[in-house]
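Each remark here refers to the structure printed beneath this line.
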Amino acid sequence: MKIFVAGASGVVGRCLLPKLMQAGHEVIGMTRKKEQKHLLEQLGAKAVLADVFDREQMADLLYEMKPVVVIHQLTSLSEGSSAENARIRIEGTRNLVDAAKQANVHKMIAQSISWAYESGPAPASEEVALDLDAPIPRNLTINGVVALEEAVKEIPEYVVLRYGTLYGPATWYDKDGATAEKVRNQEVKATDGVSSFVHVQDAANAAFLALEWSTGTYNIVDDEPAKGTEWLPVYAYALHAPRPEIQSGSSPWERGASNSKAKKECGWELQYPTWRTGFSESLR
């Protein structure tokens, strides 16, 4: 199967490409960074340089390549900019979807997030509404997520993967990542806010398996949503960092998410079922 991966040089893309290649697929990996092109070629993909914000370029590229499936893993996580990430989700996704439609792409698999749900007391299922009334600045993220997911649904078959907070190699939670540095400097406090995590390898595997999944939206998170007072001390210990300061309170939307749908309907299995062991294993 010919598969086009947008954002192929990102943390999920780099784990995903080998899985696709080993399964015998013809993979085209897109990156906007010239220095990443060689990496994609080393992984066995046909590498193309392109800018998702260039509508004409994207339309020409997909029309020429004619992939059966497009996998959308575009983010701007390395810069840590919510505004740029929202722009990619809104404008970038719009360009990618329009190009895919013109090229008669059969299916799209897209990366979304699992912390966009409205407030509630328990981990959110996919049936829970997104936080459409979120205040500034959270509304910037929510607006981007809504635009991305609605655009992707225009493709005949689609799978939206609402990832939990990514940890593992090359993520912010890696030993040299931005979050790790802040935790070492005791800049992150352990609160009552609930988070759902997912190891980057499990996130990539879900994107690979989604080639066979039915159209729909799925939370891709581990089995144990947890308060910051639970997970942050475990993470700090794995980093050999000082024990974090405890601070009571949380935001109402910090509720975590449930992975029941992906596990029951799709048979999804996790290599790292919980952050409790995943943090220490990924930081060895």
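Only the coordinates and a few stated rules stand behind these numbers; no lab work does. None of these values were measured; they are calculated from a predicted model. Using ideal geometry, Cβ is built from the backbone for each residue, glycine included, and neighbour counts are taken over all protein chains shown.
Computed values, structure above
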{"item": "Scan of region 175-200 for residues that are surrounded by fewer than 18 Cβ atoms within 10 Å (Cβ to Cβ) and either of a type in the set (Lys, Arg) or in contact (Cβ under 8 Å) with a residue 40 or more places away in the chain (or both), ordered by number", "result": "Lys175, Ala178, Lys182, Arg184, Gln186, Lys189, Asp192"}
{"item": "Identity of the residue in region 1-32, out of contact with any strand residue (DSSP E or B) (no Cβ under 8 Å at 6 or more places or on another chain) and outside any helix (DSSP H, G or I), that ends up surrounded by the most Cβ atoms within 10 Å (Cβ to Cβ)", "result": "Gly10"}
{"item": "Residues of region 255-270 classified as of a type in the set (Gly, Ala, Ser), assigned to a loop (DSSP other than H, G, I, E, B) and within 10 Å of Asn219 (Cβ to Cβ), total", "result": "2"}
{"item": "Residues located in region 247-280, provided they are surrounded by 13 or more Cβ atoms within 10 Å (Cβ to Cβ) and among the acidic types (Asp, Glu)", "result": "Glu254"}
{"item": "Filtered residues of region 45-92 (kept if in contact (Cβ under 8 Å) with a residue 24 or more places away in the chain, surrounded by fewer than 16 Cβ atoms within 10 Å (Cβ to Cβ), of a type outside the set (D, E, K, R) and not in a loop (DSSP other than H, G, I, E, B))", "result": "Tyr63, Ser82, Ala83"}
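Residues checked against (1) of a type in the set (Asp, Glu); (2) part of a helix (DSSP H, G or I):
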| position | (1), (2) |
| --- | --- |
| Glu230 | yes, yes |
| Ala238 | no, yes |
| Pro242 | no, no |
| Trp253 | no, no |
| Tyr272 | no, no |
| Thr277 | no, yes |
